[in-house]
1. Would you mention how many residues in the range 18-28 are in a loop (DSSP other than H, G, I, E, B) and surrounded by fewer than 17 Cβ atoms within 10 Å (Cβ to Cβ)?
2. What residue, of Ala284, Ala278, Ala255, is of a type in the set (Gly, Ala, Ser), surrounded by fewer than 19 Cβ atoms within 10 Å (Cβ to Cβ) and under 20 Å from Pro46 (Cβ atoms)?
3. Taking the criterion of being surrounded by 24 or more Cβ atoms within 10 Å (Cβ to Cβ), in a loop (DSSP other than H, G, I, E, B) and among the β-branched types (Val, Ile, Thr), would at least one residue in the range 201-223 satisfy it?
4. Here are some residues: Arg295, Arg310, Arg299. Which one is of a type outside the set (A, V, I, L, M, F, W, C), under 20 Å from the mean Cα position of the chain (by Cα) and either at pLDDT 95 or above or closer than 19 Å to Thr378 by Cβ (or both)?
5. Would you mind telling me which numbered condition in (1) aliphatic (A, V, I, L, M); (2) assigned to a helix (DSSP H, G or I); (3) closer than 30 Å to Val390 by Cα Val320 fails?
6. Just give me the residues in the range 144-178 being within 18 Å of the chain's Cα centre (by Cα) and part of a strand (DSSP E or B), in sequence order.
7. When Asn209 is evaluated against the numbered criteria (1) more than 16 Å from the ligand (Cβ to nearest atom); (2) within 21 Å of Val33 (Cα to Cα); (3) under 19 Å from the mean Cα position of the chain (by Cα), which criterion, by number, is the only one it fails?
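The values are calculated or read from the model by the stated rules, or taken from the named source; none is laboratory data. Note that the structure is predicted; figures quoted are calculated from it, not measured. As a convention, Cβ positions derive from the backbone with ideal geometry for all residues, glycine included, and neighbour counts pool all protein chains shown.
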Amino acid sequence: NGPALLGEIAAAALNVSAMTWRTSPAATELESVVLDWIRQIVGLSPSFRGVLYDTASVAVVHALAGARERSGPEVRARGLAGRDDVRTQRVYASDQAHSSVRKAMILLGLGEQNMVAIPTDAAFRLEVSALREAIEEDLRAGLRPLAVVATVGTTSTASVDPLPEIAALCREHDLWLHIDAAYGGALAILPEGRWVLAGAEQADSVSINPHKWMFVPLDFSVLYMSRPELLRTLFSLVPEYLRGDAMAATVEPGATNAVVDYMDYGIQLGRRFRALKAWMVLRAFGREGMESRVREHVRLARTLAEWVERDPLYDLVAPVMMSVVCFRFEPPGWQGEACDRLNEAIVEAVNASGKAFLTHTRLRNRTVMRVGIGNVLTTEQHLARLWSCVKIAAERACESDRVSSRAPR
Ligand code: PLP
């Protein structure tokens with residue numbers, strides 16, 4: 001969108017670094033303002049303070065690093081190697097959670113196999129009873145449950161894990177709760193979508209990607225922390241050559257002259273002036289403009305879902321909560337792998353046409369097509385064109401499979 005583009009152009013021209021307040025007071029202050037505006041429009045409690053990163057993948061690394069530091073073994077100072085006083089730490093997330101959780105496990109040295117994938121229910125939401133069993137089994141085995149990552153808007157189906165129940169379980173076992181609301185947090189902009197973050201006030205950290213569904217171009221990902229000072233304890237490190245730039249270390253946090261040096265809240269030193277593009281979008285669209293665009297995307301997704309449901313050859317495979325629609329072409333006589341191939345062929349053909357771009361995913365062992373709507377320029381006309389494109393591709397895929405199965409081999 002235009003406002004965001006202008007913001008990017010201005011940020012590129014200014015080329016300041018928001019690493020400390022002093023290296024760019026405007027970038028730092030605007031970052032704090034924008035992070036608080038986003039917190040307000042999704043209705044997160046004022047007790048959360050945000051930090052801006054490039055992606056949600058990086059946000060979850062910082063969140064889990066925070067979880068590990070809070071759990072006690074002084075990993076910042078002492079590391080993990082050669083220690084026999086640290087039990088294997090376990091992180092739980094649903095079998096629909098994003099792969100970035102696993103990558104965070106790899107990067108932090110927690111070990112990919114210590115991410116426990118919890119089964120989901122028919123609507124692809126984490127099963128709380130299975131989570132409880134997994135935690136209790138790990139405790140019996142002498143392992144150390146560390147954190148739960150709950151997802152608001154899973155990647156494949158935009159499902160929402162039951163936050164209040166998960167939060168209660170985390171409290172019971174003193175586990176860190178990270179909420180990955182990278183995509184789905186945006187639904188909370190709508191009064192009727194606030195339910196997706198109900199329970200989030202009990203989380204330790206929440207990540208939201210305005211670059212997914214809040215009309216801010218890549219990259220722009222926010223991590224809200226209930227105790228941001230933990231990140232500062234973990235990452236603040238001021239070498240001599242930065243001492244002249246670092247302001248925050250010289251005043252007490254909360255003092256009237258307190259400032260933020262964002263370099264203290266993560267591994268990055270140099271930081272782009274990302275806040276400007278988001279400020280432009282929020283100022284240009286306003287709260288109502290953000291609401292109406294998100295609401296329109298939900299309407300479009302539901303419209304497509306209705307077309308799918310009305311056609312007996314297609315199956316809507318997940319409830320449509322947000323702006324993601326998952327469906328499968330399943331004509332009579334086609335099942336299993338043959339039907340998977342058919343759906344893959346449709347995705348390939350639609351994408352090759354250059355008229356639309358679909359993705360596929362696998363759900364309960366079936367390949368399905370996936371449409372995600374997030375562009376402010378998308379209209380119902382585009383969807384109608386896409387739907388007819390899918391139907392034509394489907395017919396051709398059936399036909400070519402019939403021809404190839406008749407052909408001598
Ligand atoms: N979490 C969820 C639920 C996602 O869908 C995605 C990306 O698709 C991510 C995290 C990772 O986002 P990023 O590309 O900002 O790292």
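1. Within the range 18-28, residues that are in a loop (DSSP other than H, G, I, E, B) and surrounded by fewer than 17 Cβ atoms within 10 Å (Cβ to Cβ) number 1.
2. From the options Ala284, Ala278, Ala255, the qualifying one is Ala255.
3. Looking for residues that are surrounded by 24 or more Cβ atoms within 10 Å (Cβ to Cβ), in a loop (DSSP other than H, G, I, E, B) and among the β-branched types (Val, Ile, Thr), one finds at least one in the range 201-223, hence yes.
4. On inspection, the qualifying residue turns out to be Arg295.
5. Just one mismatch for Val320, condition (2).
6. Ala147, Val148, Val149, Ala150, Thr151, Val152, Val160, Trp176, Leu177, His178
7. Evaluating Asn209 over (1) more than 16 Å from the ligand (Cβ to nearest atom); (2) within 21 Å of Val33 (Cα to Cα); (3) under 19 Å from the mean Cα position of the chain (by Cα) leaves (1) as the failure.
So that you can scan it fast, the table gives a plain yes or no per residue for (1) within 14 Å of the ligand (Cβ to nearest atom); (2) under 16 Å from Val206 (Cα atoms); (3) of a type in the set (Asp, Glu):
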position	(1), (2), (3)
Tyr92	no, yes, no
Arg125	yes, no, no
Ala134	no, no, no
Asp138	no, no, yes
Ala141	no, no, no
Val152	yes, yes, no
Glu165	no, no, yes
